[in-house]
1. Excluding same-chain pairs closer than 8 in sequence, count the lysine pairs in the chain whose Cα atoms lie under 16 Å apart.
2. I'd like to check one number: the per residue accessible area of the chain, probe 1.4 Å, reported in Å² as a whole number.
3. For Y82, list long-range residues whose amide hydrogen, built 1.01 Å from N in the peptide plane, is under 5 Å from its own amide hydrogen.
4. Got a sec? What order do V215, V186, V17 fall in by accessible area at 1.4 Å, biggest, i.e. largest, first?
5. Just need the relative contact order of segment 234-311 here, percent rounded to a whole number, with Cα pairs under 8 Å and 6+ apart.
6. Using a ≥ b ≥ c from the Cα gyration tensor of segment 109-164 (square roots of the eigenvalues), is it rounded, prolate or oblate, where a/c under 1.5 gives rounded and otherwise the larger of a/b and b/c decides, a/b for prolate?
7. Would you kindly derive the ³J(HN,Hα) couplings of segment 291-306 from the backbone phi angles with the Karplus curve 6.51 cos²θ - 1.76 cosθ + 1.60 (θ = phi - 60°), listing them in order in whole Hz, with x for Gly and Pro?
8. Sort F233, F61, F305 from largest to smallest accessible area, using a 1.4 Å probe on the heavy atoms of the protein chains.
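The values are calculated or read from the model by the stated rules, or taken from the named source; none is laboratory data. Everything numeric in this text was worked out from a predicted model, so none of it was measured. Every residue, glycine as well, gets a Cβ built from its backbone with ideal geometry; the counts of neighbours run over all protein chains shown. Areas reflect the complete protein model, heavy atoms only, side chains present, ligands, DNA and RNA absent. Shrake-Rupley method; radii C 1.70, N 1.55, O 1.52, S 1.80 Å.
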Amino acid sequence: MLVVARNITRSYAAQPVLSPLNLTIESGERLAIIGETGSGKTTLLKCLAGLLDLQSGEILFEGERVKGPREVLLPGHPSICYLSQAVDLRNHYRVEDLLERHSIQALENDQQLAGLCRVDHLLTRKTDQLSGGEKQRIALAIELSKQPKLLLLDEPFAHLDMGHRSTLRQVLDDLHEQNGLTQVIVSHNPTEILGWADRILVMKKGVCVQAGNPVEIYERPIDAYVAQLLGPFNELPLETGQDPVILRPERFRLVEAGTGSLIGIIRKKQYEGSGMLYAVESNDVTYWIKDHDAGHPIGREVGIFVDTTTFK
Ligand code: ADP
């Protein structure tokens, strides 16, 4: 195990933010952390990186305790890279000089790294002549030149346009394929993490409420809180007295009124690229239904087919 966090707690002014949290990260794993704003995701990343002191508990990295800023001269574990979403590069430096200043590896390796991070064409630029996405990939290259074993990225895609997003995603994929680098990402965007993560950890009020692979978290969330973090969902009362089953819009189909297990009226529709998302009202409940047939008009009476077979 690369990282083991045991019963870690952290508060700000007597307000508990992590309370208490357990977590393990395997070497080579890609872990996504999701949760509502204020659930403690950034605090967790900073604790893992040795940038925040714990109140109690301990974090082991390769079997050794990660020391907090109070215990060391320079805060931050040397083998752990933490990159916040607000990347700040020193102004008026040439990119290659900045990289060389921080790097602990040979120039040749830095050049390779610049290629991998898609910033090799920017090496002679000054840091104030770069776009946000370029700055971020340069900051990443600088951190990687310190040869970390664990990469912690706090909402890395948050301020990027689609082009820069897919470039960064490619860089992260290459880092994983070529170096097997362990990566942890905090993100709000389902499309970015579902296809990327090996495992998703869901946080709520400083604790982990569910962890599992993307299919488990998306298809079998333990409750509505977890479900809403990854997109629209429906709660279907299958048997009286039992908790409703959570089903995604893709588990439903619109069929002819009179067939299917429910009947309803289309109240809204919105195009989603991969299909049309319909809001269908049935017995005072609104169901979100994803259907490839975009032609159903608002107001039409339709049947609803529900696929309740468990997605494996
Ligand atoms: P998230 O990343 O999930 O949005 P954070 O870890 O940033 O959550 O914050 C968790 C809680 O801790 C929030 O309620 C936030 O207001 C509080 N918090 C974070 N940093 C500080 C700080 N430096 N001082 C006081 N409270 C803080």
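1. Numbers: K41/K204; K41/K205; K46/K67; K46/K149; K126/K135; K268/K290; K269/K290.
Pairs that pass both the separation and distance tests number 7.
2. Values: 15790 Å² over 312 residues.
Accessible surface, normalised per residue, equals 51 Å².
3. Result for Y82 returns L152.
4. On the way: V215 55, V186 0, V17 25 Å².
My answer, sorted largest first, is V215, V17, V186.
5. On the way: 164 pairs, mean separation 27.9, N = 78.
This gives 36 percent for segment 234-311.
6. On the way: a/c = 1.88, a/b = 1.05, b/c = 1.78.
Since a/c reaches 1.5 but b/c is at least a/b, the shape of segment 109-164 is classed as oblate.
7. My calculation for segment 291-306 gives 9, 6, 7, 8, x, 5, x, 4, x, 5, 7, 9, x, 10, 9, 10 Hz in order.
8. Details: F233 45, F61 5, F305 100 Å².
The most accessible residue leads, giving F305, F233, F61.
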